[in-house]
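Colleague: Input: one structure, supplied below.
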Amino acid sequence: MPRNGTVSQQRNYRVLDVQAAKEIALVWLERVQLERAISFGLPEVDDRYHIWRVPLLNAATQERIGEVVIDAYTSLLLEDKSTTPTVLEARLLGRNESAAPAAKSRSNGTYALSSLRNTIAQGDCEHVLQDLPASSADLVFTSPPYYNARPEYTDYVTYEEYLLKIRKVIQSAHRVLAEGRFFVMNISPVLVRRASRSEASKRIAVPFDMHRLFVEEGYDFIDDIIWEKPEGAGWATGRGRRFAADRNPLQYKPVPVTEYVLVYRKNTSKLIDWNIRAHPNQELVEASHIGDDYERTNIWRITPAHDPRHPAIFPVELAERVISYYSFKGDVVLDPFAGAGTVGKAASKLGRRFVLIERDPKYVAIIREEAKAWLGKDATQVLTINCAPIEATDMLF
């Protein structure tokens, strides 16, 4: 061993040792349902390419039949460099590998499940999304930051700049989203208050611009759901008070008590039934069935949530409905604008995995702390990107 620690420690790898590499590979084997048929050889780190190679052995014969390749810096499994499940199955059964694709085509055409673990990433989601494996998320659900042209908001100087940013995120998520799966966005019109009494306020129809972005970036429109808040919820905006006092025509402005939940599907030639029938674990599909108390209309009446730690949190109930209706148990749910982590909380409760991306270190700290309550001891297995891992010594039981 080098004086200053192992090669992995010297290079600040996330995957530091043989055991960690095996644990990551095991998660992948479990996802493709081969963990009973395959065992591991001795993992080796290849510091030329900053990867770990984990040999895969036929559990019965101990013959090497493939390998799993892991990015040493991020701990993400590199599926394009790893032996595919189809080839592994062919080698386990002693088949000619050239016949494997034909054998797959005669089967029910199942697809591979994502091997991505629960993940918390700090940083700009546009950039973090580029580092995630293709087709590794099964549902994207998010509520992007509001655009507001008040001087104290300096992230987006113009509305066009704001739309460009959201377009880049929608575009990047398209690659990460699995075939035929859903991107759901909670969004609402935004009121830009007037700068002086001589100017008029302006209301921007953000949801309609979002629709254009989704269609242009390769998504099919599925549904528009209206999130209706209790009566009186919108009076804080001040909208409608002038008319309530004077009742003059032309001054009428209804108080906003709704937001949109826009549902899109990644463009594909396959029907939604294919995503159900081709799922490789039909037990998970069965376990994901919705009960009789489901919401039958596109108007969802949900009370807003409030949290002193975040100014624009949405209710867990909203996240739970979206996740229940648009994903299966075991799926990966991605929120590129994670905030305080509401999507992660709902996903964990419903038996899904989460990928939460947040650029503000203050909110990342909240998510990491909350994850201990969501996952218990399993919180130490969360993949963290650009932030410190959740240490076992920090756990509270």
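Colleague: For segment 323-345, which residues satisfy the criterion of being outside any strand (DSSP E or B) and farther than 13 Å from I367 by Cβ? Walk me through how you get there before you give the answer.
Modeller: Taking segment 323-345 first, the residues outside any strand (DSSP E or B) are 323-331, 336-345.
Within segment 323-345, I323, S324, Y325, Y326, S327, F328, K329, G330, D331, P336 meet the criteria.
Colleague: Search segment 61-76 for residues being touching a Ser or Thr at 6+ places or on another chain (Cβ under 9 Å) and over 23 Å from L16 (Cα atoms), and hand back the single one that is surrounded by the most Cβ atoms within 10 Å (Cβ to Cβ).
Modeller: Going through the qualifying residues, I end up with I65.
Colleague: Which numbered condition in (1) at pLDDT 85 or above; (2) farther than 27 Å from E44 by Cα is the only one that E67 fails?
Modeller: (2)
Colleague: Further, regarding this structure: Any residue in segment 137-145 that is at pLDDT below 95 and more than 23 Å from K345 (Cα to Cα)?
Modeller: Within segment 137-145, none of the residues are at pLDDT below 95 and more than 23 Å from K345 (Cα to Cα).
Colleague: Moving on to the next point. Do you know which of the residues in segment 341-385 that are of a type in the set (V, I, T) and free of Cβ contacts under 8 Å to residues at least 60 places away in the same chain is nearest to K329 (Cα to Cα)? Outline the logic, then answer.
Modeller: Taking segment 341-385 first, the residues of a type in the set (V, I, T) are 342-343, 355, 357, 364, 366-367, 380, 382, 384-385.
Imposing the further condition that a residue be free of Cβ contacts under 8 Å to residues at least 60 places away in the same chain reduces the set to 342, 366, 380.
Values: T342: 17, I366: 25, T380: 21 Å.
In this case the residue turns out to be T342.
Colleague: Name the single residue that is nearest to the chain's Cα centre (by Cα) among those in segment 281-312 being within 22 Å of S135 (Cα to Cα) and assigned to a loop (DSSP other than H, G, I, E, B).
Modeller: Among them, the one singled out is S288.
Colleague: Within segment 17-40, is even one residue at pLDDT below 90, out of contact with any strand residue (DSSP E or B) (no Cβ under 8 Å at 6 or more places or on another chain) and more than 20 Å from T86 (Cβ to Cβ)?
Modeller: no
Colleague: When both residues are 6+ apart or on different chains and their Cβ atoms are under 9 Å apart, which pairs have a first residue that lies in segment 265-278 and is in contact (Cβ under 8 Å) with a residue 24 or more places away in the chain, and a second that is of a type in the set (K, R) and in a loop (DSSP other than H, G, I, E, B)?
Modeller: Within 9 Å, the pairs are A278/K270.
Colleague: Related question: Among the candidates S324, S348, single out the residue that is under 24 Å from A20 (Cβ atoms) and hydroxyl-bearing (S, T, Y).
Modeller: Details: S324 fails: under 24 Å from A20 (Cβ atoms).
Testing whether each residue is under 24 Å from A20 (Cβ atoms) and hydroxyl-bearing (S, T, Y) leaves just S348.
Colleague: Let me ask something else. Restricting to segment 35-55, what's the tally of residues that are in contact (Cβ under 8 Å) with a residue 24 or more places away in the chain and either assigned by TED's automatic domain parsing to the domain that holds D138 or buried (at least 18 other Cβ atoms within 10 Å of the Cβ) (or both)?
Modeller: Number of matching residues: 6.
The values are calculated or read from the model by the stated rules, or taken from the named source; none is laboratory data. Bear in mind that the values here come from a model prediction, so they are computed numbers and not experimental data. Cβ coordinates were reconstructed from backbone atoms using ideal geometry, including for glycine residues, and neighbour counts include every protein chain displayed.
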